[in-house]
Amino acid sequence: MYRFLLTRQWVILTIVAIALIPTMIRLGFWQLHRHEHRVALNKVIAESLAAKPVPAESLTSPGAQVKHADLYRRVTGKGHFDTADEEVVRRRTNSDGEVGYHVLTPFVLDDGRVLMVNRGWIPANGAQTTFPKIPAPERGEVTVTGRLMPDETTAESGIKNVKGLPDRQVMLISSAQQAQRLGKQVLGGYIELTAPAPKGGSPEPIPDPQHRDIGPHLAYAIQWWLFSAGVPLGWVVLVRREARERAEAATKEAAQENEPASV
């Protein structure tokens, strides 16, 4: 009755169905992991912004990677800005979507180590092959406060670290590259400056991170798993319908063969 399952058409259909089940299950777990990542990130943002500022040296060190749990954590540093070795980060947007630069300034701590500070956004006025005019930071010894951020990578940001850029311009913020460039010990990661506020409002401070929209990832995960369960059910329904149609066709054919010949 079910010998038709050995036909080429049904063998291919069965193989496809078998392949779809684990694929859909994996897609469901992928969506679940995206949901869990968003939830965990929102928790980190909330806890980090609510915590009291701590010295940057207590959470990071030269060559270290910023821990996920310390993301956006408010930290402080005491020292002075080194504007002579300042750089800008290309193709950055402000809250209005305008394209410009982020101002990356080394901040020399009292112990001689360096904390990279993203002072905020400036517009890309003029040719992007020349170094832009940047408002000066506070002079002399100052205490800065900012949100601790991990080094930017191509994998995480999707931005290519292009070579051959104009002098003092970069695509990504990397403490390791800055340490090599400056010849000094640079703390891992960098900070987004929140205090002191810039005079005249420029560079434009980077706004506080917002809680990320969790999105429909959990619903998508459930849908993929329901689809994976529906594949074998659909296969069974198709098999039974095919068997029924073949049985009905065989019965009809037998009936026609048993009819008496007309005179």
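Structure notes:
- Within region 208-225, the set of residues being loosely packed, with under 12 Cβ neighbours inside 10 Å and either more than 18 Å from the chain's Cα centre (by Cα) or outside any loop (DSSP other than H, G, I, E, B) (or both) comprises just one member, 219.
- Residue 137 meets the conditions (1) open to solvent by 60 Å² or more (accessible area, probe 1.4 Å); (2) of a type outside the set (Phe, Trp, Tyr); (3) assigned to a loop (DSSP other than H, G, I, E, B); (4) in contact with a helix residue (DSSP H, G or I) (Cβ under 8 Å, 6 or more places away or on another chain) in every case but one. The failed one is (1).
- Residue check for residue 172: under 20 Å from residue 114 (Cα atoms), open to solvent by less than 40 Å² (accessible area, probe 1.4 Å) and assigned to a loop (DSSP other than H, G, I, E, B): yes
- Looking only at region 84-124, and only at residues there that are more than 13 Å from residue 182 (Cβ to Cβ) and hydroxyl-bearing (Ser, Thr, Tyr), the one that is least open to solvent (accessible area, probe 1.4 Å): 101
- The sole residue among 66, 16, 11 that is closer than 30 Å to residue 122 by Cα and either open to solvent by less than 80 Å² (accessible area, probe 1.4 Å) or in contact (Cβ under 8 Å) with a residue 24 or more places away in the chain (or both) is 66.
- The single condition among (1) over 30 Å from residue 123 (Cβ atoms); (2) polar (S, T, N, Q); (3) modelled with pLDDT of 95 or more that residue 174 does not meet is (1).
- Scanning region 183-202 for residues that are under 23 Å from residue 91 (Cα atoms) and either under 25 Å from the mean Cα position of the chain (by Cα) or surrounded by 15 or more Cβ atoms within 10 Å (Cβ to Cβ) (or both) yields a total of 9.
- All positions within region 175-207 that are outside any strand (DSSP E or B), closer than 24 Å to residue 43 by Cβ and out of contact with any Phe, Trp or Tyr (no Cβ under 9 Å at 6 or more places or on another chain): 188, 189, 207
- Failed condition for residue 26, given (1) over 27 Å from the mean Cα position of the chain (by Cα); (2) more than 30 Å from residue 174 (Cα to Cα): (1)
- Residue among 60, 23 that is closer than 27 Å to residue 192 by Cβ and either in contact with an Asp or Glu (Cβ under 9 Å, 6 or more places away or on another chain) or not in a loop (DSSP other than H, G, I, E, B) (or both): 60
The values are calculated or read from the model by the stated rules, or taken from the named source; none is laboratory data. Here the structure is a predicted model, which is why all the values come from computation and not from measurement. Here Cβ is always computed from backbone atoms with ideal geometry, including for glycine, and neighbour counts include all displayed protein chains. Quick note on the areas: whole protein, heavy atoms, side chains included, nothing else; ligands and nucleic acids left out. Shrake-Rupley method; radii C 1.70, N 1.55, O 1.52, S 1.80 Å.
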